[in-house]
Each structure stands twice: as C-alpha cells, then as structure tokens.
1. What list of ³J(HN,Hα) couplings, whole Hz, do you get for segment 447-457 from phi and the Karplus terms 6.51, -1.76, 1.60, once you set θ to phi - 60° and write x for glycine and proline?
2. 7 Å from Cα along Cα→Cβ at both Arg483 and Thr294: what's the point-to-point distance in nm?
3. Using Cα-only point scatterers and the Debye equation, what is log10 of I(q)/I(0) for segment 302-392 at each q in 0.12, 0.14, 0.15 Å⁻¹, rounded to two decimals?
4. Starting from the Cα-Cα distance between Ala385 and Ser458, subtract it from 0.36 nm times their residue separation and give me the gain in nm to one decimal.
5. Projected area of segment 131-170, taken from the Cα convex hull and averaged over every viewing direction, in nm²?
6. Given just the C-alpha atoms of segment 1-130, how large is their convex hull per residue in cubic angstrom?
7. Could you work out how far apart the two model spin labels at Glu175 and Trp114 are, taking each label as a point 7 Å from the Cα in the direction of the beta carbon, and quote it in nm?
Amino acid sequence: MTSITATQPTARLRWYDFLFINLFWLGLNVRNTAVGSLFIPYLVALFAPADWKNTALSAMSTAGLVIAMVVQPLAGLASDRSTSRFGRRRPFIIVGSMLDLVFLVAIGISFNYWSLLVAVLLIQLSANISHGPLQGIIPDLVPEDQRGRASSIKALFELLPIFVVGISIAKMVGEGQLGWAIAATGIVLLVTALITIVTVKEQPLTEKPRGSFWQPMRRVLYMLGGILAGLAVGLLCGALIGGVAGLITWLVAGKEAALGMIVGVGGMLAMAFAVVIGVWAGASTALGKNNARTHSSFVWWIVNRLFFLAAITSLQRFAQYFFMYSFKIDIGQATILFGSLITVVGVGTVASAFIGGWLADRFSKKLLVGWSGILAGIGCAGLLATILVPSETLIYISGMILGVATGMFMTTNWAMGTSLVPAAEAGFYLGVSNLAGAGAGIIGGSIGGPVADYLNLSTPGLGYFVIFAGYTLLFFLSTVSLRYIREPKPTTV
C-alpha cells in the first residue's frame, strides 16, 4: 500500500488505497441498516401495542441516538489525541466492532420491548466507539485534491449496504429467520474490521496534542443539551403556529379537524425549527461561540446535512409500518417489500455515488448538493402519493429517484464537509457533525412517530400522509440552507 502520513497527507493514493481506507464503512453501514431499519422495527411490531408502534419505535430509537450523540464525538476526540503505536483510529474500530458482536446477540435473544431497549442502547454505545474515529481517516490520509474520489468510495460503501441488506438480510427477517440475519450482519462487520486493521497504515502521533481534553468533553454534553433544547423550542414554535391554524380551522370546520391541524401543521413546523435552532445551539456549545461564528459555513453544512438525513432516515424508519397500512399486510410481508424497495434505492445510490465523486472534484459541490435535495423531495412526494393510490410500481419509481438523490448527496455533501473543517481537529469536528447523523433520527422520529399514531387513531392513514409531507419539506429545506455556506477555494498538492 502507498506510504501515507496521518498528519500531513501529501502522498498520492492509488485506487486500492481508496478501497482499504473506506472498507469499514461497508461493515458499519450493513450493521446500521440491518439494526435500525430491519431488526428494531420488526421486533417492536411484535412487542409493542399495534396502535402505538410508531411511538414505541420512536422512543427506542431516540434513546439510542442520544447515546450516539455523546459517544461518537467523544470517541473522535479521544482518537485525535491517541498516541497508540497502532495509529489513532484503528484501535477504536476493533474495540467497537468486538462489542458490537456481543450486543447483536443481545438483540437476537430479546424477549420483550424492555430487553430489546437495553440491547439497542448498548449497541449504540459500541457502534459509536468505532464510528467517531472512522470519520477522521479521510482527512488524516487523503490529500485534499483526492478527497472527492475518496468520498465517492466512502459513499459507495455507505450505500452498498442498502443493496446488500435489501436482497438478503431483509428476506431472512421477513421469513422469520432473525438469527441467521443477525449472524450474517456480524460476519460482514467482523471481516471488514479485520481487513481495515491489517491494510490501513497510520503513522502514530509521537506526542499528544496540547490543550485540554475535558473542556471539549464538556462541550459535547452542552451540545447534547443544545440539540434537545432546540427540539423543545421547535416543538413550542410548531405548537404555537399549529395552534393558530387549529383555531382558524375550528371556527370553519369544527373541533376534530382543528385537533388534526394542530398536530399535523405543528409537527411539520416543529421538525423544521428544531433543525436550525438545535444545530446552532448545539454547535455553539460544542465548538464555542467564537469558533461557531468563525466556521459558520461548517455549522450550516450540519444544518443542510440534518435536514436531508432527518427526512431519509425517518422514511426508512416508518416505511414498513406504512406498507402494513397501505397494502394490508403483516410485518413479515412488509419487511420483504421494504427489502425490495431498498434494493431499488441501492441501485440508484450506487450509480449516482460513482458519478458524484467525479463531479465533486470538478464542479461546485454546493450546486450538486442542492440538486440532490430537490430531487429527493420529488421522490418523497411520489411515496406520499402512494398513500392515496397504493402502487408498488410508484413506490419503486420513487425509490429509484430517492436513491439517485441520496447517492449524489452522500458523496458531494461529505466531500464539501471535509473541506470545511480544521485539519488538526478533523476527528472532533466531524464527530460534532453527528448533530446531523444522530440528530436526524431524534428530530424526524421523535416528532414523526407520535404524530403518526395520534392522527392515525382519528383518521386511518392521515398520520402517514402528514409525516411524509413533512419529510418532503425537509428535503427542500436542505437545499434552501445551502445559501449560507461558502465553499473554500480548491487547492492542489
């Protein structure tokens, strides 16, 4: 493998270097997709009351993501300062992966909602021990003018799991073979971790970076408080505006319609407000107010990323329950249908990821990310239409559009983000970007689940219509948020 320096990435990388540097993203995302999109929804549908399964799923996922929001940036910060002779990032990858295997088994043997909750919280802890440090590998090892291509391979390995899980693991789960599905997930995770440990060559730090370790740790806790405060303020703002709309509706159409308006409009607006307020509050406390202002483009990059990921993550989370309603099928059949959908999505993501990396090194990443948001909004609107006119064909067409948009976004958005962070603190800054990863699930799911259940109780299917409309709005807002980002001028090495 090409000799690469962790602190000063100047050596030109060959094609296989890009593969080895990014391979663990494949295992990590097979695990993430299988656990978050298949295992948890499937088991919650079995363990939770039918009328409140969306809320039960949201509560479990939100609790796990709170852990992720703390552990991921902390692990990234610890790896920034690591002087291990094995390198800064790889020791965390192997420890996290070994713990993941144990907690995957715990998910498989769970026997009720509460035992499943414990297993999910534990795997969120272990998963983010490896995830945070992994995000620092590209800034550590890849010259700036090759990061578009490196990010393209990263996006490919993030998106291939959608295809892999869709054609194999989803079918196992849908047919009741959960144990085999968990085993397959664990094998992929272990193999990719071991190959990464052997092939990626890091140059260890000779001495720890100067500066306090505990001060950034406190900021991470403040960051969590900021994002939760943003969620609370977003809920309040959404409730106030929804209340005004509800009052007007009450005068025109009556009490029942007014309650639906309050919950629906309030919920959609709450998601939008929570993104902007939560990210700025969290980033200001995690980075410090002065750094947040200095790196305002980085903060708005998180806003952009959070809008998009909140929508796509929540669509994945509730898709199986939506299929159960729309097609009148059970959770096993819905899981198989969901597997077919994400296979189509995977085809689109892989195709656009290849093109996206090439484009990101030649054209404005900001422009490409903007078009991704618009295209994803169109795809989400197509899924929204299937609530009124159930059609598998329309689902697959919409899925392909979403896949192309997501592949382009994941490639170009990450390439843009790595150019916005200070190189010496890449692990910590990109760990803070977990505001977008974990915050996406908290904002989209914690609001969407209860809204869906409440409205579905009054009018079956209304809840899914409202939350999917909200996710369509988030995609379009991701594009609007780009106007506040200034891309740095490209440099060559």
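1. 8, x, x, x, 4, 4, 5, 4, 6, 5, 5
2. Each label point lies 7 Å from its Cα, and together they span 2.8 nm.
3. The Debye formula, applied to the Cα set alone, gives -0.46, -0.61, -0.69.
4. So the chain would gain 24.3 nm between Ala385 and Ser458.
5. On the way: hull surface 13.0 nm².
The Cα convex hull of segment 131-170, projected and averaged over all directions, gives 3.3 nm².
6. Values: hull volume 14.7 nm³, N = 130.
It comes to 113 Å³ per residue, whole-number rounded.
7. Modelled inter-label distance: 3.6 nm.
Every number here is computed from the coordinates shown, using simple stated rules; none is lab data. In this text, all values refer to a predicted model and were calculated from it rather than measured experimentally. In this analysis, Cβ positions are derived from the backbone assuming ideal geometry, glycine residues included, and neighbour counts consider all displayed protein chains.
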